[in-house]
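The structure under discussion appears below in the form of structure tokens.
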């Protein structure tokens with residue numbers, strides 16, 4: 001005679017495995033709304049009073065509902081300008097040094113470097129893991 005309780009254990013165990021694997025599959029299906037393909041910055045200057053930092057990010061795999069707002073770089077939150085290309089978005093931000101005639105549009109911020117965006121009207125953010133530093137650029141006045 002077969003014990004009916006012993007045959008139920010494998011069935012419950014199989015149901016448990018199916019539920020757990022289903023949850024894992026759902027979790028893996030949730031992907032980021034975009035990918036930061038490249039992130040770099042460089043210092044620029046025109047003369048002793050006109051200088052700053054230019055920050056650029058190249059973003060790909062951008063979902064339609066995403067609208068980029070600003071980024072945090074070196075504890076400053078800076079608005080970004082987006083340029084849309086075929087299959088990518090290039091974001092630019094400028095951090096001007098004190099004493100510049102250019103308007104400083106940055107605000108103090110705390111925490112790690114992050115990119116802020118709207119997703120279906122809700123603000124969210126993604127950490128920027130690393131920036132590549134490029135050489136300082138001299139810009140000639142015309």
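All of the numbers you see were taken from the coordinates with simple rules; none came from a lab. Quick caveat, the model's predicted, so the values are computed rather than measured. Note: ideal-geometry Cβ built from the backbone for every residue, glycine included; neighbour counts use all protein chains shown.
Spatial offset of segment 95-116 relative to segment 45-66 amounts to 12 Å, using the alpha carbon center of each. With neighbour counts taken as other beta-carbon atoms within 10 Å, the residues 129, 60 rank, fewest first, as 129, 60.
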